[in-house]
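Notes follow once the structure below has been shown.
The values are calculated or read from the model by the stated rules, or taken from the named source; none is laboratory data. Keep in mind the model is a prediction, meaning the values are calculated, not measured. Note that each Cβ is placed from the backbone with ideal geometry, even for glycine, and that neighbours are counted across all protein chains shown. What goes into the accessible areas is simple: the full protein's heavy atoms, side chains included, and nothing from ligands, DNA or RNA. Shrake-Rupley method; radii C 1.70, N 1.55, O 1.52, S 1.80 Å.
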Amino acid sequence: MKNTLEYKGYLGTVEYSTEDNCLYGKIIGIDDLVNYEAQSVKELNSYFKEAVEDYLATCKKVNKEPNKTFKGVFNVRTSKDNHRALSIIAEKNKMKLNEVINKAFDFFITNEDKVLG
């Protein structure tokens, strides 16, 4: 089961509130917080699309980049054993550790559904 909505390259979450007895979500991959809620899946999809359109229009109006910006740099914490194993793989293949990690990222991104089930 997929718990995301997609429209114009944007993803939105799908959650259920037992307290409020409604479906709700937010647009992910942006710097701002944009929420939507509804009583049915059909409505939620419609409100999500409306939220994306409104967000894009607002960004255009205020001359703002709608997508979250990423530097491409972040720290990853792992075990000493994993660090050692990855370093050995890199050396055996005459690669930098970052190259090995990026290959692992590429594999994970391509096979996300298989890896995460």
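When region 74-99 is limited to residues that are assigned to a loop (DSSP other than H, G, I, E, B) and surrounded by 10 or more Cβ atoms within 10 Å (Cβ to Cβ), the one that is nearest to the chain's Cα centre (by Cα) turns out to be T78. Does region 65-84 contain any residue that is farther than 27 Å from V34 by Cα, at pLDDT 95 or above and among the small types (G, A, S)? Scanning region 65-84, I find at least one residue that is farther than 27 Å from V34 by Cα, at pLDDT 95 or above and among the small types (G, A, S), so the answer is yes.
When N63 is tested against (1) over 16 Å from L5 (Cα atoms); (2) within 22 Å of the chain's Cα centre (by Cα), exactly one condition is not met: (2).
The set of residues in region 70-94 that are among the aliphatic types (A, V, I, L, M) and within 30 Å of I28 (Cβ to Cβ) comprises V73, V76, L86. Could you check, for region 42-60, whether at least one of its residues is open to solvent by 80 Å² or more (accessible area, probe 1.4 Å) and either part of a loop (DSSP other than H, G, I, E, B) or in contact (Cβ under 8 Å) with a residue 24 or more places away in the chain (or both)? No; the residues of region 42-60 include none that is open to solvent by 80 Å² or more (accessible area, probe 1.4 Å) and either part of a loop (DSSP other than H, G, I, E, B) or in contact (Cβ under 8 Å) with a residue 24 or more places away in the chain (or both).
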